[in-house]
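Down below is the structure, laid out as structure tokens.
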Amino acid sequence: MFRRLFVWFFIIFVSGCATRLPQPEGTVDLPEQLARLNNINVWAISGKLAIKHPEQSLSANLRWQTQQQDFEFRLSNFLGITLVDMQNSRDGAVLEADGETYRDPSASLLLYQMTGWDIPVNQLLSWIKGVPKATDSYQLDEHGLVSMLKPACQQCAGWIVNYSKYQQVDDVWLPHALTLTNPQQPEHLIKIRIDKWKLN
């Protein structure tokens with residue numbers, strides 16, 4: 001099965017962990033910050049994604065580009081070989097792997113079925129920007145940016161998102177590093193390091 005092909009070892013971003021990014025001077029105006037983030041519906045990121053799982057671990061290069069709710073999510077190994085290439089649109093998700101094409105209405109469910117990785121892809125569309133929903137609980141850092149997000153949606157299944165760094169892109173502060181944990185799955189961990197943002 002496809003998931004058995006993944007034997008990569010988990011690496012917690014040794015390179016880049018100590019990167020020092022310029023941080024806001026003073027406190028960010030949170031309502032203005034969130035208004036700007038909510039208006040960003042077309043973006044692309046590149047960086048690293050690491051997954052720690054009881055059965056397998058993975059460290060991969062990440063490329064993700066979105067337009068509204070449509071997106072392409074791609075993971076590749078250090079040799080540049082594509083591990084996952086998934087597109088999502090209003091018609092559902094399509095994943096290509098091992099020369100085969102797989103489909104499902106849910107991107108997260110399709111990814112889990114094919115790889116065993118529990119990644120809340122659709123929810124990450126807002127989490128990746130550091131945007132809490134109206135019913136979410138969150139904490140702010142000393143600069144007034146979201147440092148912890150506890151989503152309240154039914155599909156969020158206990159996930160907690162922690163943000164450790166931000167970077168300024170086109171006059172808005174965007175996450176550089178985030179970690180997803182889940183008390184219901186204490187041995188499951190997802191880390192994302194974003195090296196580059198591109199907006200619009």
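Report every pair of residues separated by at least 6 positions or lying on different chains whose Cβ atoms are under 8 Å apart, first residue within region 91-105 and over 12 Å from residue 115 (Cα atoms) and free of Cβ contacts under 8 Å to residues at least 40 places away in the same chain, second surrounded by 14 or more Cβ atoms within 10 Å (Cβ to Cβ) and hydroxyl-bearing (Ser, Thr, Tyr).
92/106; 93/106; 94/102
Just one of (1) in contact with a strand residue (DSSP E or B) (Cβ under 7 Å, 6 or more places away or on another chain); (2) crowded, with 20+ Cβ neighbours inside 10 Å; (3) aliphatic (A, V, I, L, M) trips up residue 124, so point out which.
(1)
Can you tell me how many residues in region 149-200 are surrounded by 18 or more Cβ atoms within 10 Å (Cβ to Cβ) and among the hydroxyl-bearing types (Ser, Thr, Tyr)?
Matching residues across region 149-200 total 2.
Could you say whether any residue in region 144-159 is closer than 26 Å to residue 84 by Cα and either assigned to a strand (DSSP E or B) or touching a Leu at 6+ places or on another chain (Cβ under 8 Å) (or both)?
Within region 144-159, one or more residues are closer than 26 Å to residue 84 by Cα and either assigned to a strand (DSSP E or B) or touching a Leu at 6+ places or on another chain (Cβ under 8 Å) (or both).
Collect the residues in region 47-64 that are without any contact (Cβ under 8 Å) to a residue 24 or more places away in the chain and either of a type in the set (S, T, N, Q) or assigned to a loop (DSSP other than H, G, I, E, B) (or both), keeping them in residue-number order.
Hit for region 47-64 is 61, nothing else.
Do we find that residue 44 is loosely packed, with under 15 Cβ neighbours inside 10 Å, at pLDDT 80 or above, aliphatic (A, V, I, L, M) and not in a loop (DSSP other than H, G, I, E, B) in this structure?
The answer is no for residue 44.
Anything in region 75-112 that is in a strand (DSSP E or B) and on the phi > 0 side of the Ramachandran plot? List them, or say none.
Of everything in region 75-112, just one residue is in a strand (DSSP E or B) and on the phi > 0 side of the Ramachandran plot, namely 92.
State all residues of region 163-191 that are assigned to a strand (DSSP E or B) and over 19 Å from residue 22 (Cα atoms); if no residue qualifies, say none.
Within region 163-191, 179, 180, 181, 189, 190, 191 qualify.
May I ask you to verify whether residue 72 is in a loop (DSSP other than H, G, I, E, B) and within 26 Å of residue 168 (Cβ to Cβ)?
So residue 72 fails the test.
Closer than 23 Å to residue 200 by Cβ and surrounded by 14 or more Cβ atoms within 10 Å (Cβ to Cβ): is that true of residue 82 in this structure?
no
Among the numbered criteria (1) out of contact with any Gly (no Cβ under 7 Å at 6 or more places or on another chain); (2) buried (at least 18 other Cβ atoms within 10 Å of the Cβ), which single criterion is violated by residue 65?
Result: residue 65 passes all but (2).
Suppose the filter is more than 24 Å from residue 193 (Cβ to Cβ) and surrounded by fewer than 18 Cβ atoms within 10 Å (Cβ to Cβ); does residue 101 pass it?
Yes.
The values are calculated or read from the model by the stated rules, or taken from the named source; none is laboratory data. What you see is a predicted model, and the numbers here were worked out from it, not measured in a lab. Glycine also receives a Cβ, built like all others from the backbone with ideal geometry; neighbour counts cover every protein chain displayed.
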